[in-house]
Amino acid sequence: MKKFTSFICAAACFAAAAVPFTANAADGDKVYGTMNIPYADFYAAELNNSVPVDAVSSATTSKWNGNSTGKMGDDGKWQSGGLAAGTFNVKTENGGGKILGVTYPVEIAKADLEALTDKYGFTELSEKPKAYKPVTVESGKASFGKLVDADGAETLSGEMTVSSLTSWGDYQINVKGIPSNCDIYGVIVKTKEGTDYGMRALENIWRNGQIAWGTGIKEKEPHGNTLSSEHYKTSQGQTITDVTFITLNGYSTLSGQNVYLPIKFADSLTVESGKSGKGSVTFDNTSFPADYKLKGTVADGFTVSGNTVSYSNAQPGSYTLTVSDENGKYSDVRGSFTLTTDAIPVKYSDGKLVAADGASLTDAANYLKNITSVTVGEKKYATGRRGVTVIDSQTGEIKLDAKSGEENVFDGSGKYKLTVEATGYEKNYEFEINDQASVTTTTTTTTTSTNTASTSKTTAKATTTTAKKTTTASKTDSPKTGVSGAALPVTFLAIAGASAFVFRKKKS
């Protein structure tokens, strides 16, 4: 029978009473309550997988502890619980914590409960739950059976996509149409090959149907947490058919999928850096499997042949090389690289950075969008989504009203020295202004870099995903590049010249 998840999940929140095993929600010799069930025990009867599900270690100071459950508010709207809703945990010595498992309803014989040496934090419920784990006891040890779902599994009508280019593991699936108005206690990913995988809060299960896991290629996620991969290693090269969510209302399953998990052999590519304009760089392809049919893409004006990336008229900046297997067997792999110049294509004039003599408007626009930091006096301000806008990346205007938090960047002292750093530009640009933004002097300083190659690293949990039921996310992008198609509108810079004138994005 199809369940009405939005209402029942909310209603199923535990009305728990910490009393001995008297028969509030008893059924004959059975009693119902909640237990703190370790992940290995919780999933043991649910999966076809010889490797047990491990606890989740977290290096963060708070997310692992966010185990409060959600509830329906007085306004009839669902109020979400913590990122680790419904779990139990222990604090570790390093200030982080470990998520050990979930607190879930159980059915157990009264005699068995009394015989248990470790009662798993049993707390009796006032009503028989909609879904529960049956518990049997032998020699004082509990075993947790397959979940009993009184109404039968709910059939979900959503869809699923997969990415093998995520910061949060080796694979990430995004499921639309997940159970609503309830907490997710577990997720089971089933494959055509017959192996099942149990997912855990925080490391695997995130908000809004985002589920990620590592298979041993990517070792750490962006917060520095080591990914536990033993349980998931065999998922490489398998095809997902079903995803089942476990809530207090039982099972909710998205079935009928046919999503291939492309084999991963590397987490990133190493690509050498080069000079802007016309030239070429190489990347390391020694780890590629022999049957990998390589196709590489960067941006307009770039071509890839073998392990060489050639380009013409390329602006300074950071670029991303994406290599795909045309046969579809293996995962895409990416690497970032930088093209540099020793030229500074801007100058300071009348409160703005404008195109320098001999530089084009496109050159100046490219410089502005590649600015990474501005030092005012002795204090350095990073740009970007979480940074401070000291120089407008579109118009080049110096923002004299810029603030860092509650602090003014320009303190009213009258004269300021500014040092600008930009990706792809070997020299910093220095100039002085006063609070009326009139120019005094301009100089350049050289920034020395010893890096000749770089590898890709992404940090957004809102990850790149593919089209429905595709194998990998293969997106041609060149963030902060100067290709002509990505040039900023020139209107502001043209007007300013006549008058004397960043993408980053899951967790634990």
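Rounded, prolate or oblate: which fits the stretch 392-434, taking a ≥ b ≥ c as square roots of the Cα gyration tensor eigenvalues, rounded meaning a/c under 1.5, else prolate when a/b beats b/c? Note, shape of the stretch 392-434 comes out prolate. The trypsin sites (Lys or Arg not before Pro) of the stretch 278-335 that DSSP puts in a loop, and whose beta carbon has at most 16 other beta carbons within 10 Å, are Lys293, Lys329.
What shape does the stretch 193-256 have by the C-alpha gyration tensor, where a ≥ b ≥ c are the square roots of the eigenvalues, rounded means a/c under 1.5, and otherwise prolate means a/b greater than b/c and oblate the rest? Since a/c reaches 1.5 but b/c is at least a/b, the shape of the stretch 193-256 is classed as oblate. Taking a threshold of 32 Å on the Cα-Cα distance, which of the pairs Lys91/Lys146; Lys77/Lys403; Lys110/Lys176; Lys71/Lys91; Lys347/Lys379; Lys141/Lys190 fall above it? Pairs exceeding 32 Å: Lys77/Lys403; Lys110/Lys176.
The spacing between the stretch 194-222 and the stretch 32-50, judged by their C-alpha centroids, is 17 Å. Of the GluC sites (Glu not before Pro) found in the stretch 186-226, those in coil by DSSP whose Cβ has at most 14 other Cβ atoms within 10 Å are Glu193, Glu219.
A DSSP coil position with no more than 12 other Cβ atoms inside 10 Å describes the following GluC sites (Glu not before Pro) in the stretch 346-420: Glu378, Glu406.
Maximal additional length on extending the Lys293-Lys192 stretch stands at 33.8 nm, based on 0.36 nm per residue less the C-alpha distance.
Laboratory data are not the source of any read-out in this text; all were calculated from the coordinates shown. The structure presented is a predicted model; accordingly, all values stated were derived computationally and were not measured. Positions of Cβ are generated from backbone atoms using ideal geometry, with glycine treated the same way; all protein chains shown enter the neighbour counts.
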